[in-house]
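What follows is a short report on a single structure.
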Amino acid sequence: MLNIIIAATYDDMSRRAANIMTELLQEQPHCILGLATGTTPIGLYDELVRSYTDGEISFADVTTFNLDEYCGLPQDHPQSYHHFMREHLFCRVDINLANTHVPDGMNPDVDAVCSEFEAEIYEAGGIDLQLLGIGSNGHIGFNEPGYVFPNNTHCVQLTQSTIKANSRLFNSINDVPTEAYTAGIGTIMRARRILLIANGAGKAAAVAAALNGPVTPQLPASILQFHPDVTVVLDEGAAQDYFTF
Ligand code: PGA
């Protein structure tokens with residue numbers, strides 16, 4: 001079932017999505033969270049840090065799994081997702097870093113990285129809530145448009161459109177890694193609950209097609225129509241094509 005929430009602004013989107021996560025943390029302090037990086041969730045993480053600072057939630061017993069990581073960027077590289085998570089969330093709350101999992105982009109042994117990541121999720125008991133952003137090409141995690149829905153964690157070649165979109169965060173487009181580890185579509189779909197957030201008109205076409213269009217690996221986020229418990233929180237820009245699709 002898809003539950004769509006349309007928020008007025010980015011801040012409102014961030015607050016409403018954070019409220020959903022805060023409620024889960026209060027009800028299930030030992031929950032397993034699937035986390036995302038990117039520009040979209042920064043406000044949500046700020047809200048979670050605020051709730052933590054106000055004493056409303058604790059991360060002491062929380063376990064996390066991040067969706068993806070670039071191949072070949074050291075953990076302390078400013079654009080690595082390890083670095084992003086420490087900067088925006090992990091180092092600002094009481095989480096035990098040993099309970100946080102981000103694929104090891106520096107390990108070139110693809111089979112080892114991917115099978116270990118899946119095994120760790122399984123052993124933790126599965127993901128209670130998976131947070132997702134969406135690419136303007138409809139990707140979730142780094143599952144790019146293609147001809148199949150990849151099941152498990154795997155290594156992907158990033159598309160030119162993703163490399164171009166992400167180059168804004170690097171000195172030059174040539175510095176953007178061309179490969180990444182990502183949770184698969186199956187990994188994402190096995191989460192008990194999914195929370196997708198999107199803001200800005202640049203995401204409107206992908207959001208409308210993902211929620212209203214045919215389910216196709218050409219638009220990986222469209223698979224979410226088959227998940228039993230999805231909440232989508234959009235700002236007005238990202239929602240602008242939803243009702244006219
Ligand atoms: P963004 O990325 O939040 O930086 O727009 C989202 C995504 O590509 O999944």
Exercise. So, in nm, how far is label THR216 from label PHE170 when the simple model puts each one 7 Å beyond its Cα toward the Cβ?
Worked result: 2.9 nm
Exercise. If packing is taken as the mean number of other Cβ atoms within 10 Å per residue, what is the order of 116-129, 192-205, highest first?
Worked result: 192-205, 116-129
Exercise. Separation of the range 185-239 and the range 38-113 by C-alpha centroid, Å?
Worked result: 22 Å
Exercise. Once amide H atoms are placed 1.01 Å from N in the peptide plane, what residues at a sequence separation of 5 or more from PHE142, or on another chain, have their amide H within under 5 Å of its amide H?
Worked result: ALA183
Exercise. Where Lys and Arg each count +1 and Asp and Glu each count -1, what net charge lies around ALA18 among other residues with Cβ under 11 Å from its Cβ?
Worked result: -3
For this session: Take the range 113-245, drop everything but the C-alpha atoms, weight them equally and run the Debye formula without solvent; then report log10 I(q)/I(0) at 0.16 Å⁻¹ to two decimals.
Result: -0.84
Exercise. Taking the radius of gyration and the Kirkwood hydrodynamic radius from Cα positions alone, what is the Rg/Rh ratio for the chain, to two decimal places?
Worked result: 0.93
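Do the sum for the chain: with -39,500 (n - 2.57) for every DSSP H run of n ≥ 4, divided by all residues, what is the mean residue ellipticity at 222 nm, to the nearest 500 deg cm²/dmol?
Values: 8 runs with 78 residues, N = 245.
Result for the chain, helices only: -9500 deg cm²/dmol.
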Exercise. For the range 114-129, what does the Karplus curve 6.51 cos²θ - 1.76 cosθ + 1.60, with θ = phi - 60°, yield as ³J(HN,Hα) per residue in whole Hz, taken in order and with x for Gly and Pro?
Worked result: 6, 6, 5, 5, 4, 5, 5, 5, 4, 5, 6, x, x, 8, 6, 9
Problem set entry | Cα pair distances exceeding 19 angstrom across the range 98-163, given as percent | 42 percent
Exercise. Given H placed on each backbone N at 1.01 Å, which residues far from THR39 in sequence or on other chains put an amide H within less than 5 Å of it?
Worked result: none
Exercise. In vacuo Debye scattering of the range 190-245, one point per C-alpha: log10 I(q)/I(0) at q = 0.15, 0.20, 0.22 Å⁻¹?
Worked result: -0.39, -0.69, -0.82
For this session: Using only the Cα atoms of the range 1-147, each taken as one equal point scatterer with no solvent, compute I(q) by the Debye sum, divide by I(0), and report log10 of the ratio at q = 0.08, 0.16, 0.19 Å⁻¹.
Result: -0.22, -0.93, -1.31
Exercise. If contacts are Cα pairs under 8 angstrom and at least 6 residues apart, what is the relative contact order of the range 131-174 in percent?
Worked result: 26 percent
Exercise. Can you list the HN-Hα couplings for the range 136-143, worked out from phi with the Karplus curve (6.51, -1.76, 1.60; θ = phi - 60°), rounded to whole Hz and with x for Gly and Pro?
Worked result: 5, 9, x, 6, 10, x, 10, 7
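Readers should treat all values here as calculations from the given coordinates under stated rules, not as data from a laboratory. Every value quoted in this text rests on a predicted model; they were computed, and no experiment measured them. A quick note on method: Cβ atoms are made from the backbone with ideal geometry, for glycine too, and the neighbour counts reach across all protein chains shown.
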